[in-house]
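One structure is given here, and the rest of the page talks about it.
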Amino acid sequence: MMYVTRRETFNAAHKVYNPDWSDAKNMEVFGGCANPNWHGHNYVLSVTVKGEMSKETGFVIDLKLLSQLIKKEIIDKVDHKNFNLDVPFLKDTLTSTENVTKAFWEILDKPIADMGCKLHSLKLQETENNYVEYFGEK
Ligand code: NI
């Protein structure tokens, strides 16, 4: 078994805001991420798949095809977009890095399985110092 990772980058705007709370409580909990007039991040998404190496290619997965899949299913839909306003699969979602990562997993899991691999983990880096990793566990 071998693990292979493809890294992609995009930038997007969002606001992390719980509508059940006051503006003051949102600012207290989410800080600058609750700014009413949005803000952006330069995100780094790392997609790790696992599988057996092909005898013919020595590859677990053709990284060119994995990159194309990530671009089509994720990057084209979120890059230079506002998570809260422009991205249908994040509609009505509190756009924490955790929730965004989980939404990406739900999109990528099946098509990666269809390519003969298993999605092992997603790592989504929101800032230089903060990232989320998800392994598909409930
Ligand atoms: Ni933010």
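Odds and ends about this structure:
- Label point distance in nm, ASN130-THR5, each placed 7 Å from Cα along Cα→Cβ: 2.0
- Placing +1 on the Cβ of every Lys and Arg and -1 on the Cβ of every Asp and Glu, with no other charges, gives the chain a dipole of roughly 300 debye about its Cα centre.
- Proximal charge balance of ASP109 [Cβ under 11 Å; K/R count +1, D/E count -1]: 0
- For TYR43, the amide hydrogen comes within under 5 Å of the amide hydrogens of PHE10, ASN11, ALA12, counting only partners 5 or more places away or on other chains and with H modelled in the peptide plane.
- The HN-Hα couplings worked out from phi for the range 5-17 by the Karplus form 6.51 cos²θ - 1.76 cosθ + 1.60 (θ = phi - 60°) are 10, 10, 10, 10, 10, 7, 10, 8, 9, 6, 9, 9, 8 Hz, whole numbers, x standing for Gly and Pro.
- Under 5 Å from the amide H of LYS81 lie the amide H atoms of ALA13, each residue being 5 or more positions distant or on a separate chain, with H modelled from the backbone and absent for Pro and chain starts.
- Accessible heavy-atom area order of LYS55, LYS91, LYS77, highest first, probe of 1.4 Å: LYS55, LYS91, LYS77
- Accessible area per residue, Å², the range 2-134 with all protein chains present, probe 1.4 Å: 58
- In this structure, the amide hydrogen of HIS120, modeled 1.01 Å from its nitrogen in the peptide plane, lies closer than 5 angstrom to those of THR48, VAL49, LYS50, counting only residues at least 5 positions away or on a different chain.
- Surface accessible to a 1.4 Å probe, GLU73 within the full protein complex, Å²: 40
- Kirkwood-type hydrodynamic radius, the chain: 15.9 Å, calculated from all non-identical alpha-carbon pairs.
- In sequence order, calculated HN-Hα J values of the range 123-128 (Karplus, 6.51, -1.76, 1.60; Hz; x Gly/Pro): 10, 10, 9, 9, 9, 4
- The 3J(HN,Hα) values that the Karplus relation (6.51, -1.76, 1.60; θ = phi - 60°) gives for the range 71-85 are, in residue order, 4, 5, 7, 10, 4, 4, 8, 10, 5, 6, 10, 9, 3, 6, 9 Hz. Gly and Pro appear as x.
- Nonpolar atom fraction for the chain, defined as the carbon and sulfur part of the 1.4 Å probe accessible area, stands at 50 percent.
The values are calculated or read from the model by the stated rules, or taken from the named source; none is laboratory data. Since this is a predicted model, take the numbers as computed values, not measurements. Cβ coordinates were reconstructed from backbone atoms using ideal geometry, including for glycine residues, and neighbour counts include every protein chain displayed. Ligands, DNA and RNA are stripped out before the accessible areas are found, and what is left, the full protein with its side chains, is counted by its heavy atoms. Shrake-Rupley method; radii C 1.70, N 1.55, O 1.52, S 1.80 Å.
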